[in-house]
Amino acid sequence: MRGFFTLVFLFSTGILHAGELETTGIIATDHSWSKDGYQKSKFTALIENAQNFGANVSFTSIVRAQFIGPDSLEPGQFQQPSLAPLSRRLNISNSLELELRELYLDIDLRKAHLRLGKQQIVWGQTDGLKLLDLINPQDFREFILEDFDNSRIPTWMVNFEMFFDEGDLQLLWIPDTSMHSLPGPGSTYEITAPFASLPPGAPIQVNPVDRPNRLIKDSDVGLRFTLFRAGWDITLNYLYHYDDFPVVHALLQPSGITLMPKYERTHTFGASASNAFGEFVLRSEFVINTDKYVNVLDSPNTQGIYKSSELAYALGVDWSGLTDTFVSVQVFQSRLLDEARYTRDKTDTNITLLLRRNFLNESLSTQILWLYHLNKHDNLLRIGATYELTSTLQISVYGDIFSGGADELFGQFGSRDQIGFKLQLGI
Amino acid sequence: MIKTIFQQVLKFRILFLIAGTSGIIVAGSFLPTLTRDTTSDAFIPEDNPARVYREQVKETFGLADPIVIAVFQEGEHGVFTPDALQLVETLTLKLQDLPNIDPERVVSLATEKNIVGREFGMNVEPFYENYPDTQEAAQAIWEAVGDFPLYLGSLVARDGSATLIVAEVLNEQESESTYAAVTQLANQTILPNGVSLHVAGEASITGYMGTYIDSDAQKLNPLAGVIITIILFLAFRTLAGALLPNLIVVATVVGTVGIMAASGVSFFVITNGMPVVLIGIAVADSIHIFTAYYESLGKHPDIENNDAIVEAMCEMWRPITLTSLTTIAGFMGMYISSVQPPMQFMGLFTALGVAIAWAYSMLFLPAAMSLFRAKPNSYVARTKANDFASRLMSRLGTMVIKKPGLIVYLAASLVLAGIFGAMNIKVDDRRIDVFNKKEPVYQADKIINEHFDGTSVFDIVIETDKVEGLFNPEYLKKMEAFQTEIERHAIVGGTTSIVDYLKQMNRSLNEGKPEEYRLVDDELLIAQLFLLYTASADPTDFEEEVDYDYQKANIRVGIKDSSYRKIKPVIAALNLYIEETFNEPGLKATLSGRAMVTYEWVDSVGVSHFNSVLVSLGLVLLMACVVFRSVVAGLLSLAPVAISILFVYAVMVVFGIDIGIGTSMFASVAIGLGVDFAIHTIDRARTLFEEGYTKGEESRLIHSLFPSTGRALFFNLLAIACGFGVLISSDVVPLMRFGAIVALSVGTAFIFSLTLLPALIILLKPGFIYRQKKSDGLPGNAVAGLMVLASIGLSGLSKQMQADDLSALEIMTRVVTRNDGAYVSRNLKMELIDRRGKTRIRETRGFRKYFGQDKRTVLFYISPANVKDTGFLTYDYKDTNLDDDQWLYLPAARKIRRISSSDRGDYFLGTDLSYEDIKNENKPNLADYTYAITGDEVIDGVKCFVLEATPVSDKVARELGYGRVVSRIDPNIWMARKSEFWDIKGNPLKFVLNKDIRQVDGIWTSHEIYAENLKTGHKTRFSFSEIDYLTPVNDSWFETRQLKRGL
């Protein structure tokens, strides 16, 4: 693994070959404090190499080195059990890691395009929360505070696109069975809620999660058709995949409760549409999951799990009627279509509000993003400002405030409110 | 721009001086809060498993670091004389009274008990049961001890010549005062004839190190100051030149250490090296500025003082900034890659110190210099060509020019030697080696190790899975066998465990027969032995060997030599033994103890060292590549310092110096400092080329580089080398080695920067040296430009007559129907300049193509990295009832965003041009305005129509953001050369200039658009290049999917 990594790194940094190579990079440092004091310091160096072999073939690699201190996001040598071995980071020490973010070969075939390798693919149109953006799993070590570009886990896949007059068809084959990476016990953003409560006092045994790893049988397959008609950008999507969150089966035995996390497959049918109307832009996404495994109350026969269908959608409206100002409101709703005594609400609704205003010819940008969970009234408020000191150097300050009950998705991080600053240098 | 900054600095010098001084005072006010941490645990991260486990073991068995007093007596009875034994008791009692000594945990012959057999079983009684006031009583104690194997080697020397008093401290942080109190006690005690006392032990080392470091620092730092002042005086021979750099030094050191104190970071053993490093760096910046200043005064004798300062700063800000950046990169490498907190903080705070030194050199120094009277430095001016340093440097230059090949050959040989060295270098260190060999604590440690089982210990923890599990005879036998196995290793002095007590108890029960000194094979009997012991003595006697529940036991192993290299094979062997023997369910053995922790951290020193070399080299290389915008330049900058490090490895192998605490840091420091010479050399060479040397004149150039830059670098080297040289006189051995090695490597880097680097420049003639600041000022271009201008002028004369009688609308119609090509591809550089002159630059590549009457435009950002790959696509429909369609691709979100296109008047991505301006490209929508001719005006030598455009309605005016536009239209090419804009309230808003208008592929094209917002003072300059109207542009560039894929 280490040898493989080194080889790829050497290769991708262009030492083994010469030619038309373009290298860019970013060095960034990010520090934050919570009310308990110093929370994190992050130093990141990201190097992107792009090399063209003629007009139709190119090779891209992105390597990221990160130092995160103190070692509390993933304390110790985090084993990354939910990731496929070839997709794991290389932990040089508890705090220093090296990661091959992306590595892919592009082949342009005039009416088709092939991208082979480790990559990120984003479906959908929403901000702040994800619906159709489910091709790549996510790293939750900073919950959802890290930019999705950095927290998405790139996976190895074949991405083939064909272009027709009517629209574009994308075919995906993803043999990489990496799943969401959830930080372990004792980490800063350990996710402890919302989970079903277990009978108190009963001994609990948690079995290790069994990640699917058969190359062909466990791979994900996706399909997307994109078209542009009468001003509308429309996509139709289909993905046959494992849900990246494990489903926790609870087995009641005389000796106690055994929790068995398992990954389950589902068919996802989706669509998205967006258009501009004067000062407004409308964005929308729709998703149907055929097999959504949800925890239910008092159901020992089904190991506390019920399989339902799920309809989820998101509607967003952006308004940019005022100079240098951008306002965006989104509603996300998920409905379970079958009746059962779910531990979650049958209908779950989140609202987001984004206000952005730029100053000084966009050298200063300020932003407020509010994520509000309507069912439990817990929420996350994110405030930030970024100033471009030079073309390549940016400084940002930010604050993240979680509110709500300690058993709720956002509320559980009530003690993790943070303020911080970032410096980012482009090279 | 730079010049303005420094002029402002001098203008407001009082402000800068006050701010600078306040900075020093504020940082200084934190100094008293600085804490010191000399424990060796400081070197191990708190979450290190070995450290965590050791803390647990200390907790379980109540172990703490001890202070040890060894009592020696010469003579046939050794210490077993009434005098010596009474002394042991007196000292024991006095020790128990000292603050921070745990009175319960002072162990000596006077406190320990003997296990003896009696008629009805066994008895536990103090050795001093019969008070040793006669030689017989003393002799009886010796016999008793000699009969109790457990104490031999651990409490009493096997030959009886010495005994120990072991006192544990309550709080390790206060070891310093405790050690002082114990040594005072030892010194004040009146000793019987032939008796000597030695104070040692882990807590003594920790305790003494504090005092040791203090006295060392008090000696070193003033010495460094004096030496550097002397060097400064030698270099400049003026008061300002010798004094002001010292001020920068004070600011840097006080600032850095003050911030360290304010942020609660302790001062560690190795942090002592930091002030000296900072002194070297701070002085180096000043030397370069003063050299430039005096040269400027020498060159222009009539120059005003302030002008000379500004000139010097303008010349030096760049190399000083570059070297500061690379040095910071080097130290950040140390911060990132080190495992030990002291090294991490050393890296971090030295990097901070470099930044402070830079800030003070840039802002405070010029302000302070302006207070002194300008006095041409006849010394520098006169001796420039012939003082010792200049001559030396010139001679070096001549040699380089004559034999560049030889130098490269020598360097290559050194690299080979260095690689050999690096492969053979050893990692090792001992805590006691911090001290000079003459120090009493070092001597005491040595003597005690000679006579006893060893001052360093392993604790091997044996854990069973149930309460009283240790009564199991099988387990105890395994422990016994393990102890025998351990004692086979040469560095092991002896072992102690509960097994030894059990054996002794069994023996006492069996009338003291030597053959009964053995383990009994009966679980019940074992339990009874323990019960018997507790019945007749204090149950806490075994606290160090077994826990309260008899579930965990501790085998204490005395080690005579705690060096990593000696311990390593022993640990490997013990671990193997544990794996093979302690593998049954319910029984576990784990290594712990001080020696184990030492092993762990020295082990990490090695890995950490090579990591930090690579990371520092990588970061410095990256920084050098960035600042010179050339990979070759980056590699060349790195070459001297890389060679110097390899050379040092070779030297270390030759002199048998290991990589240890002190030496492991040398490389990062050497990289950070050593690369400065190369950067100065390369930067100077580039400047010289810009000032007139051309390709082929490398030798001449190199020759002229030596007397000035070479001389400054020479004094720079002297300052740094002497700064580190001072460390050589340090009593703290790791610092001494560190100083010597850094001085050596920096010196080597200096030599190679001034020999190998010029040699390589001569031999390789790398392109970056000649690369001028990007400009199109080549003669060919100039001629072409002149011809274009002339043709414009001629054609203008002929067309002027025809245009005179056109209506405004006709003129605008010609403007909008002007041929701008069916398609075009081009590069666009945007410069966004704010009121204060701060410039942001974005480079893009764009395509435009007509699809029938509709127009599609796409723009891809190429640089800088933070906006790279951003894409902007517009479909502009001829049908004005249709809104344009616009998409923005943001790489950070990896999403193509539909954006609203209604706000035509919004500014385009931070520029001073609106979306409408960008889309129209000088061809406004005729339906938006009514036009009137208001006169003519000559712009850029061309007589232009002046046209006033008024929006057709308030609504359109609001949409566009303009209340009125006045344009100067060139009637020869039908293009506006200048446009002024007013806002909807009638206030002047901005003006836009189309400049550098030339034909490309037969189409008139503006190569530069300049826009200035009169309200905000913000300016935008668009420069177009590689404009191509001929090569067809593929339709696919205007698909949204291409936005995502980029160029």
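Partner lysines whose Cα lies under 21 Å from the Cα of B:LYS3, excluding those fewer than 8 positions away in the same chain, are identified as B:LYS11, B:LYS299, B:LYS773, B:LYS774, B:LYS838, B:LYS1019. Which residues does the label zone of A:ARG214 cover in the range A:240-259, counting backbone N under 17 Å from a point 7 Å along Cα→Cβ? Output list for this probe position: A:240-243. Our Cα-only numbers for the range B:784-1045 put the radius of gyration and Dmax at 18.3, 56 Å. In this Cβ point-charge picture (+1 for Lys and Arg, -1 for Asp and Glu), the range B:784-1045 has a dipole of about 1080 debye about its Cα centre.
If you place +1 on the Cβ of every Lys and Arg, -1 on the Cβ of every Asp and Glu, and leave all else neutral, what size is the dipole of the protein assembly as shown about its Cα centre, to the nearest 20 Debye? The partial results should precede the final answer.
Details: 133 positive and 170 negative charges, 1502 e Å.
The calculated dipole for the protein assembly as shown is roughly 7220 debye.
Note on chain B: with charges restricted to the Cβ of Lys and Arg (+1) and Asp and Glu (-1), its dipole about the Cα centre is near 7680 debye. If a spin label sat at a point 7 angstrom from the Cα of A:LEU423 along the line to its beta carbon, the backbone N atoms of the range B:611-642 nearer than 19 Å would be those of B:616-628. Projected label points at A:LEU227 and B:ILE841, each 7 Å from Cα along the beta carbon direction, are separated by 4.7 nanometres.
The modelled label-to-label distance for the pair A:ARG341/B:ARG158, using points 7 Å beyond Cα in the direction of Cβ, is 7.6 nm.
Too long at a 31 Å Cα-Cα cut-off: which of B:LYS878/B:LYS990; B:LYS560/B:LYS588; B:LYS923/B:LYS1044; A:LYS422/B:LYS995; A:LYS35/B:LYS1015? Please report the intermediate quantities before stating the final value.
Values: B:LYS878/B:LYS990 28 Å; B:LYS560/B:LYS588 26 Å; B:LYS923/B:LYS1044 29 Å; A:LYS422/B:LYS995 39 Å; A:LYS35/B:LYS1015 42 Å.
Over 31 Å apart, Cα to Cα: A:LYS422/B:LYS995; A:LYS35/B:LYS1015.
Using Stokes-Einstein with the Kirkwood hydrodynamic radius over Cα pairs, what translational diffusion coefficient do you get for the range A:104-426 at 10 °C and a viscosity of 1.306 mPa s, in µm²/s rounded to a whole number? Can you show the working numbers first?
Numbers: Rh = 21.8 Å.
Calculated translational D: 73 µm²/s.
What residue among B:PRO149, B:GLN188, B:PHE482 has its Cα farthest toward the positive end of the dipole of the protein assembly as shown, where the charges are +1 on Lys, Arg and -1 on Asp, Glu, each on the Cβ? Value computed over the given set: B:GLN188.
Compared with the direct C-alpha span, the chain from B:ILE5 to B:LEU614 gains 215.5 nm at full extension, assuming 0.36 nm per residue. Name the residue from B:SER1006, B:ILE969, B:HIS1018 whose Cα lies farthest towards the positive end of the charge dipole of the range B:784-1045, charges +1 on Cβ of Lys and Arg and -1 on Cβ of Asp and Glu. Most positive-ward Cα: B:HIS1018.
With bins 20 Å wide beginning at 0, the percent of Cα pairs of the protein assembly as shown falling in each bin runs 8, 28, 32, 22, 8, 2, 0, 0. Counting charges near B:LEU622 (Lys, Arg +1; Asp, Glu -1) among other residues having Cβ under 15 Å from its Cβ returns a value of +1. Backbone N atoms of the range A:214-228 closer than 18 Å to the 7 Å Cα→Cβ label point of A:ARG265 belong to residues A:214-223. A simple rule links phi to the HN-Hα coupling: the Karplus curve 6.51 cos²θ - 1.76 cosθ + 1.60 with θ = phi - 60°, which for the range B:415-422 gives 4, 4, 4, x, 4, 4, x, 4 Hz, with x for Gly and Pro.
Taking 7 Å steps out from each Cα toward its Cβ at A:GLN77 and B:VAL226 produces label points 5.2 nm apart. Computed from backbone phi, the HN-Hα couplings of the range B:1038-1043 come to 9, 8, 4, 4, 6, 4 Hz, rounded to whole numbers (Karplus: 6.51 cos²θ - 1.76 cosθ + 1.60, θ = phi - 60°; Gly and Pro given as x).
Rounded to the nearest 500, what is the 222 nm mean residue ellipticity of the protein assembly as shown from helices alone, with -39500 (n - 2.57) per DSSP H run of 4+ residues and division by all residues? Don't skip to the end; give the middle numbers.
Values: 36 runs with 557 residues, N = 1474.
Using -39500 (n - 2.57) per qualifying helix, the result is -12500 deg cm²/dmol.
A straight chain from A:ILE383 to A:LYS111 at 0.36 nm per residue would run longer than the Cα-Cα distance by 93.5 nm.
For A:LEU393, the amide hydrogen comes within under 5 Å of the amide hydrogens of A:GLY426, counting only partners 5 or more places away or on other chains and with H modelled in the peptide plane.
Taken together, the values in this text are just the output of simple stated rules run on the coordinates, not laboratory data. Because the structure is a prediction, the values reported are computed rather than measured. Methodologically, a virtual Cβ is constructed for each residue, glycine included, from the backbone with ideal geometry; neighbour enumeration extends over all protein chains shown.
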